[in-house]
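As structure tokens, the structure follows; a few thoughts come after it.
The values are calculated or read from the model by the stated rules, or taken from the named source; none is laboratory data. Please read these numbers as outputs of a predicted model, since none were measured by experiment. Please note: Cβ atoms are built from the backbone with ideal geometry, for glycine as well, and neighbour counts cover all protein chains shown.
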Amino acid sequence: MSTTFTPEELSSVAALKAKYPEPKAAIMPVLWMAQKKWGWLSEDVIKEVARVMDLPYAHVLGVASFYTMYFKKPMGKHHVQVCTNVSCMLRGGEQLYKHAKEKLGIGHNQATADGVFSLEEVECMGACGGAPMIAINETFYENATASQLDSLLDARR
Ligand code: FES
């Protein structure tokens, strides 16, 4: 598979760079764009981001490595995040995470063999008022329950 941005995507990269006084500050949205396109940030994808950002590979790798939202290995089509930080823990987040592990048969930062799901135990996602919360890709579900999680996963199989 090609790991080169299309001309249209390069226009989007240029537009992102133009939003910041220092173009290199666009590295995070450009890494996010790359992850959306290729699913995860392989060495070749990080090289492509370094090329279009005109930054050293090591710099881009450093940013990608620091933030857990950037995948450094292939993950599932549906990435399930369960928060177990304090507010969520106090409202059943840990039980919800245990339920998700058992239901999917995988653990933290693992993907199912068919590539449909991956699972991540996460720290606070900023939705404490709706604890416990889960996210599937970029959609948040607050006041989540085990049966709701089952329905959400079953609907995606
Ligand atoms: S503690 Fe779970 S969203 Fe804040």
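For this structure, a couple of remarks:
- His99 being within 30 Å of Phe5 (Cα to Cα) and in a helix (DSSP H, G or I): no
- Pick from region 1-49, criterion in a loop (DSSP other than H, G, I, E, B) and under 16 Å from the mean Cα position of the chain (by Cα), ranking: surrounded by the fewest Cβ atoms within 10 Å (Cβ to Cβ): Trp40
- Scanning region 103-118 for residues that are buried (at least 16 other Cβ atoms within 10 Å of the Cβ), under 8 Å from Gly76 (Cα atoms) and either of a type in the set (A, V, I, L, M, F, W, C) or at pLDDT below 95 (or both) gives Ala111, Phe117.
- Scanning region 107-125 for residues that are within 16 Å of the ligand (Cβ to nearest atom) and farther than 12 Å from Gln81 by Cβ returns no hits.
- Candidates in region 64-84 are the residues that are charged (D, E, K, R) and surrounded by 14 or more Cβ atoms within 10 Å (Cβ to Cβ); of these, the one that is farthest from Val45 (Cα to Cα) is Lys77.
- For region 84-106, taking the residues that are among the aliphatic types (A, V, I, L, M) and under 14 Å from Arg156 (Cβ atoms), the one that is nearest to the ligand (Cβ to nearest atom) is identified as Ala100.
- Given (1) among the hydroxyl-bearing types (Ser, Thr, Tyr); (2) at pLDDT 95 or above; (3) under 30 Å from Val30 (Cβ atoms), index of the condition Thr68 fails: (2)
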